[in-house]
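**Q** Can you read through this structure? Questions will come right after.
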Amino acid sequence: MSITQESTTEPKTLEGKILSGLQGQYAIASLSENQPGVRIYQGTDLATDHPVLVKEYYSFWWTAVEMQHMQAALQPLETIELHSGGVQDFRLLIPQEMFVSVKDQRCYMVLRSPHHPGQSLKQYLETHGSLSTTTVRHFLSQVLQSLWFLHGQIIDFADGETQKGTAHGNLNLNSLLIVPESNAWNDQFQVYLRDFALWESVVAPEIVSSRSLNEQKQQDLRELGTIAAQLLFGELNPPEQWNPIQDARWSSISDQSLKQFIQQLLGIEAPSFSGAKAARNQLLALPVIEELQETETNTEWESIELGQADRPPLYFKIAFGVAVLGLVANLGLLWVNKGAMQPPKFDFIQQRK
């Protein structure tokens, strides 16, 4: 089949348009991520005025029959909701709607957006480079908590089937969203999980796993171990069958407890964890290691803060100087008058409670 120039031209974006779904309408504001075959937009649910993320999947080779198969595959997923039953936020970006447009050769996924706009872990790593062991521990704790909930949650499908938990099945730098806790980007962030294999397999059937559910959950832990090593090294594109333990950079990591923990996640030269809960409990029990070296920016900022903290305040310097002068004057008067005098009262010091 010949390929015309028109058929291979990248389609126009949805920015500034209104997307009509099966359950609502969404105003598309801006394009936040652009990957081969998929775009992610920031938008607003017009019915609730809540911010949403809209994923647009496209392919020039999808046939009408394939898109009908996608529609059929989506039906059992329509009623899935993952809620803890409490106030705890497990940071799972579950689709609130996913639908197919045969006419446009598109598939759309709508997700409720976090409290602040975020960026993929890949984008975050491209900007910040390798992360400190303390930051990696913070990252691991959050993802393991999310996996613990995901792996144990009862899932009810639209066709009446019930399943005890599900695996993420697609953990990588693009399927993890880093969201700052405020409008300013810093080391305080939350990690959201998205792009679950359960939904992504609708448009990418090749990611469907033939392994048992328990094996898929163990694979989540192994993939998380690989990601943790990538964060320590600042590694964006590791080679296939990459073993971080054999990487020359592994020996440069001084946090031995964290290294042993990552090895257990990977199941390399160490026993694997029984599950995400056991892994997180052990992570929280690791001894705290103070890092000797931080980034240049953090080191400079901390040295400035420590320097200012070590210096006595200006008012203390003034009070001390006046006290010394008063003492010298009093001793001089005692010498001249050969008698005792009342010691001076430093009322301005006493008044500072």
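**Q** Would you tally the net charge around residue 17, using a Cβ to Cβ cut-off of less than 13 Å, leaving residue 17 out, and scoring K and R as +1, D and E as -1? Write down the numbers at each step before the final one.
**A** Numbers: positive: 12, 39, 106; negative: 15, 56, 104.
Taking every other residue near residue 17 into account, the sum is 0.
**Q** A follow-up question, please. In Å³ and rounded to a whole number, note down the convex hull volume per residue for the Cα atoms of region 18-301. Show your work: numbers first, answer last.
**A** On the way: hull volume 43.1 nm³, N = 284.
So the per-residue Cα hull volume is 152 Å³.
**Q** What does the extension gain come out to for residue 162 and residue 282, with contour length at 0.36 nm per residue minus their alpha carbon separation?
**A** 40.1 nm
**Q** Further, regarding this structure: Starting from the 7 Å offset along Cα-to-Cβ, what nm value, one decimal, do you get for the label separation of residue 209 and residue 112?
**A** Distance between the two pseudo-spin positions: 2.6 nm.
**Q** So for each of 163-170, 220-227 I average, over its residues, the number of other beta carbons within 10 Å; can you give me the resulting order with the highest mean first?
**A** Numbers: 163-170: 19.2, 220-227: 22.1.
Listed from highest to lowest mean packing, they are 220-227, 163-170.
**Q** Let me ask something else. Starting from the Cα of residue 72, step 7 Å along the direction of its Cβ; do the same at residue 274; then give the gap between the two resulting points in nm.
**A** Result for the modelled spin labels: 4.2 nm.
**Q** Step through the table entries 12/103; 17/122; 17/103; 164/217; 55/164; 122/277, compare each Cα-Cα distance with 22 Å, and write down the pairs that go over it. The partial results should precede the final answer.
**A** Working: 12/103 15 Å; 17/122 28 Å; 17/103 17 Å; 164/217 12 Å; 55/164 28 Å; 122/277 26 Å.
As for pairs spanning more than 22 Å Cα to Cα, those are 17/122; 55/164; 122/277.
Bear in mind these aren't lab numbers, they're just calculated from the coordinates by the rules spelled out. Fair warning: this is a prediction, and the values are worked out from it, not measured in the lab. Every residue, glycine as well, gets a Cβ built from its backbone with ideal geometry; the counts of neighbours run over all protein chains shown.
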